[in-house]
Amino acid sequence: MEQILEQALDLPTLFEQLQGVDGLALLLLRLFPLFLVVELPLTMLVVFGVLRWWIREQTLPPRRSLYRPRVSCVITCYSEGADVRRTLETLCEQTYAGDIELIPVVDGAAVNRDTLQAVRGFELRNELRRNRRVRPIAKWQRGGRVSSLNAGLSMCTGSIVMALDGDTSFDNTMVSMIVRHFEDPNVPAVAGSLRVRNTWSSFATAIQAIEYLISIQMAKTGLSEWNLVNNISGAFGAFRREVIEQLGGWDTHSAEDLDITLRIKSYFGRHRRLRIPFEPKAIGHTDAPTSMVDLLKQRMRWDGDLLFLYARKHSGSITPRLMGWPNFLLTVVSGLFIQVVLPFIIVGYTIAMMFTLPWQTVLGLALLVEIVYFVILALQFLLMLLLVSERPRQDIRLLPLLPLFPLAMFVIRCWSAIAILNELLRRSHEETSMAPWWVLRKATRF
């Protein structure tokens, strides 16, 4: 093993060969095979999608429509307290001319008195819009997020249902931007764009702000052009109500957002015209974990849920026949390989290098990896600023943190391996804080 690594990672020899395009290609091929074969093609797919979206936005006239269905916003609330009023206010202030029905669902209302009081004490400002209505629901016993979503769904009267978090606020054009996609009967759901609301609270939130801009606002804009949106965010997603009801509502497990996305995509192979758009101009602002400890706890849950959904619950439905070849390949590459397998490869190579190579070589390799990923990140960030961002002056302030972003993502990737092992050994999705144990105990065990 040591001899193989030394031959493959002989930096002096490699740098001597680094002359011209051929030398650079040899260096990248020997040190970054997975990057060239998997990550770079996926990045280029996103980049070409973003360029295609931007060209269409610049050349086609603005879309105008009289399609104004009633929209029901199911807002899941648990421990937000008075902050939930901010969410309700931004929904009431929407420029959308149609009816908007607000259904805040307070989970565990018996102990969350502050949140319940904030919801019940919220008053509509009729001078803004008269076609707004608030219908709060108090769930006295805690049942979890999925329970709240299904309770809200049962009370909806609108044909479009939005699943929103109580700690997320929205730009006032959000509903208008989302609803226009549902005029196409082949659209069962629309994914909205999320930004970090507390960007400058800490280093952790600033890093997450960059991550959200690259992996949500830019990546999903590009993937949407090829009908390859990988996930409808749980904090901000919109659905055609009849589709959700046909699916039986949300399922009682963790990561209900990816779960409902995969369930919808399982119809793509049989109904080729179905598509899930991403709307980059529909902006939601959510609070991110403020400390690295809280961030790692969040990713422990997220990454463990990925393995459960991909390898256990949906293992039989991730097929070309059900999903269609494009979404099947994206799910295998982006979901199974990059998110589940690649963290173990990264950890394995890191440990092997640390125990078999001189520390100078390890530092040199780390610097080389940092440079390669920083260059790719900088190009993506620049493209996002120029073509996608609706707040470029705000986002450019994150530029000084870009050199630290690859290192932060390396730590999170290594942590993903621990989270996946935790799910393999302990079925950690059954211990999630998103739902109490007595709810998950009654759920189907996959």
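The values are calculated or read from the model by the stated rules, or taken from the named source; none is laboratory data. All figures in this text were calculated on a predicted structure; none of them were measured in a lab. Here the Cβ positions follow ideal geometry from the backbone for every residue, glycine too, while neighbour counts run over all protein chains shown. SASA here: full protein model, heavy atoms, side chains in, ligands and nucleic acids out. Shrake-Rupley method; radii C 1.70, N 1.55, O 1.52, S 1.80 Å.
If you check Arg241 against the conditions, is it open to solvent by 20 Å² or more (accessible area, probe 1.4 Å) and under 17 Å from the mean Cα position of the chain (by Cα)? So Arg241 does not fit the description; no.
Among the conditions (1) farther than 30 Å from Arg195 by Cβ; (2) out of contact with any helix residue (DSSP H, G or I) (no Cβ under 9 Å at 6 or more places or on another chain); (3) at pLDDT 85 or above; (4) not acidic (Asp, Glu), the only one that Arg393 does not satisfy is (1).
Scanning the stretch 315-345 for residues that are closer than 25 Å to Ala408 by Cα and open to solvent by less than 40 Å² (accessible area, probe 1.4 Å) gives Leu330, Thr331, Ser334, Gly335, Ile338, Val340, Leu342, Pro343. Taken over the stretch 161-181, residues that are over 14 Å from Cys92 (Cβ atoms) and acidic (Asp, Glu) amount to 2. Of everything in the stretch 250-268 that is modelled with pLDDT of 95 or more and in a loop (DSSP other than H, G, I, E, B), the residue that is most open to solvent (accessible area, probe 1.4 Å) is Tyr267. Run Gln208 past the list (1) open to solvent by 20 Å² or more (accessible area, probe 1.4 Å); (2) farther than 18 Å from Arg52 by Cα; (3) in contact with a Ser or Thr (Cβ under 9 Å, 6 or more places away or on another chain); (4) not β-branched (Val, Ile, Thr) and report the number of the one that doesn't hold. Exception for Gln208: condition (1). Looking only at the stretch 176-199, decide whether some residue is farther than 30 Å from Asn112 by Cβ, open to solvent by less than 10 Å² (accessible area, probe 1.4 Å) and part of a helix (DSSP H, G or I). Within the stretch 176-199, one or more residues are farther than 30 Å from Asn112 by Cβ, open to solvent by less than 10 Å² (accessible area, probe 1.4 Å) and part of a helix (DSSP H, G or I).
Mind listing just one residue for me: the one in the stretch 141-170 that is at pLDDT below 90 and farther than 26 Å from Arg195 by Cα and, of those, surrounded by the fewest Cβ atoms within 10 Å (Cβ to Cβ)? The selected residue is Gln141. Just one residue in the set Gly304, Gly222 is at pLDDT below 90, open to solvent by less than 10 Å² (accessible area, probe 1.4 Å) and either touching a His at 6+ places or on another chain (Cβ under 8 Å) or within 30 Å of Ile207 (Cα to Cα) (or both); that residue is Gly304.
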